[in-house]
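K.L.:
A single structure is presented below for examination.
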Ligand code: NAD
């Protein structure tokens with residue numbers, strides 16, 4: 001398919017897990033992709049793996065500090081300078097933690113909010129004027145099923161994802177007039193490094209709580225991002241799309 005032909009996409013946290021699947025899926029759909037990693041080496045490693053698979057993939061790596069607005073703005077401006085446009089921003093980089101409140105180091109709360117929430121604001125702040133000038137664009141955020149009902153420990157993570165939903169719904173209303181759509185995908189438990197390291201018994205328990213009877217794959221989540229980034233979703237904005245096998249109910 002060529003759902004994103006000639007589109008320029010900027011994907012944070014694109015080096016592994018869900019982000020890597022998003023980058024791969026966008027490239028297969030003929031987008032040009034700038035992927036971000038936390039370090040230049042991890043970003044380059046991901047680019048090398050993608051190029052090794054298909055030399056025609058148009059992909060490059062960057063490693064801005066997503067917790068610093070000046071760094072994010074510089075990276076987005078470099079994309080605009082090189083490609084002349086930026087059509088899709090995917091805010092996927094995120095960290096989680098599950099420590100109980102009684103042991104919670106307040107510094108860790110700040111750290112989660114800074115990456116999971118502030119970076120979504122920073123990329124939107126830097127990219128939206130460019131999108132507006134080009135006649136429109138798409139901003140996609142990675143939420144979580146815990147943004148629907150919270151989680152029993154590690155309050156910073158669900159709090160950050162509730163905030164991501166708030167940014168999504170608010171910017172959708174604010175930017176619709178400029179033809180910029182803003183949506184989020186809320187994955188359920190997804191088989192990335194963190195989940196595949198769990199003991200088999202825990203995986204089986206998690207699976208038993210999911211009505212569709214399996215843990216999600218990064219590709220399940222990437223497919224939703226592709227849909228929302230593409231013209232197939234041209235009348236959808238302000239949505240939080242759950243992709244969780246109905247685990248939220
Ligand atoms: P992962 O840990 O496999 O990948 C995280 C990505 O974020 C990596 O590319 C990493 O480079 C980047 N990153 C981490 N810290 C960073 C930092 N300080 N600066 C810049 N980049 C940084 O995670 P994943 O499971 O693929 O999760 C991706 C997103 O999906 C996250 O926002 C996460 O909250 C969300 N999510 C994951 C699950 C799940 O079960 N895996 C479920 C719901 C939501």
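K.L.:
Mind listing just one residue for me: the one in region 41-57 that is in contact with a helix residue (DSSP H, G or I) (Cβ under 7 Å, 6 or more places away or on another chain) and closer than 17 Å to residue 7 by Cβ and, of those, surrounded by the most Cβ atoms within 10 Å (Cβ to Cβ)?
P.N.:
The extreme case among them is 50.
Residues are listed down the side, and each one gets a yes or a no for (1) modelled with pLDDT under 95; (2) touching a helix residue (DSSP H, G or I) at 6+ places or on another chain (Cβ under 7 Å):
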| site | (1), (2) |
| --- | --- |
| 156 | no, yes |
| 173 | no, no |
| 184 | no, yes |
| 190 | no, yes |
| 196 | yes, no |
| 201 | yes, no |
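K.L.:
On the basis of being more than 15 Å from the chain's Cα centre (by Cα) and under 24 Å from residue 69 (Cβ atoms), does residue 206 make the cut? Even if it seems obvious, please write down each step before you answer.
P.N.:
Values: more than 15 Å from the chain's Cα centre (by Cα): yes; under 24 Å from residue 69 (Cβ atoms): no.
It is false that residue 206 is more than 15 Å from the chain's Cα centre (by Cα) and under 24 Å from residue 69 (Cβ atoms).
K.L.:
Right, residue 146: surrounded by 20 or more Cβ atoms within 10 Å (Cβ to Cβ) and within 12 Å of the ligand (Cβ to nearest atom) or not?
P.N.:
Working: surrounded by 20 or more Cβ atoms within 10 Å (Cβ to Cβ): yes; within 12 Å of the ligand (Cβ to nearest atom): yes.
Criteria met by residue 146.
K.L.:
Hey, another quick one. Looking at (1) surrounded by 13 or more Cβ atoms within 10 Å (Cβ to Cβ); (2) under 15 Å from residue 158 (Cα atoms); (3) more than 9 Å from the ligand (Cβ to nearest atom), find the lone condition where residue 100 falls short.
P.N.:
Going through (1) surrounded by 13 or more Cβ atoms within 10 Å (Cβ to Cβ); (2) under 15 Å from residue 158 (Cα atoms); (3) more than 9 Å from the ligand (Cβ to nearest atom) one by one, residue 100 breaks only (1).
K.L.:
Under the condition of being within 15 Å of the ligand (Cβ to nearest atom) and surrounded by fewer than 17 Cβ atoms within 10 Å (Cβ to Cβ), which residue from region 17-40 is farthest from residue 144 (Cα to Cα)? First the steps, then the outcome.
P.N.:
Taking region 17-40 first, the residues within 15 Å of the ligand (Cβ to nearest atom) are 17-26, 33-40.
The next check asks that each one be surrounded by fewer than 17 Cβ atoms within 10 Å (Cβ to Cβ); those that pass are 39-40.
Details: 39: 24, 40: 27 Å.
So the residue we want is 40.
K.L.:
May I pose another question? Mind listing just one residue for me: the one in region 65-83 that is free of Cβ contacts under 8 Å to residues at least 60 places away in the same chain and more than 16 Å from the ligand (Cβ to nearest atom) and, of those, surrounded by the most Cβ atoms within 10 Å (Cβ to Cβ)?
P.N.:
My answer is 80.
K.L.:
Here is a list of conditions, (1) in contact (Cβ under 8 Å) with a residue 40 or more places away in the chain; (2) closer than 18 Å to residue 13 by Cβ, and residue 146 meets all of them except one; can you say which number that is?
P.N.:
Just one mismatch for residue 146, condition (1).
For (1) surrounded by fewer than 18 Cβ atoms within 10 Å (Cβ to Cβ); (2) within 16 Å of the ligand (Cβ to nearest atom); (3) under 17 Å from the mean Cα position of the chain (by Cα), each residue gets a yes or a no:
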position	(1), (2), (3)
162	yes, yes, yes
181	no, no, yes
201	yes, no, no
216	no, yes, yes
235	yes, no, no
246	yes, yes, no
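The values are calculated or read from the model by the stated rules, or taken from the named source; none is laboratory data. What you are looking at is a predicted structure, and each value in this text was computed from that prediction instead of being measured. Cβ: placed from backbone, ideal geometry, glycine included. Neighbour counts: every protein chain shown.
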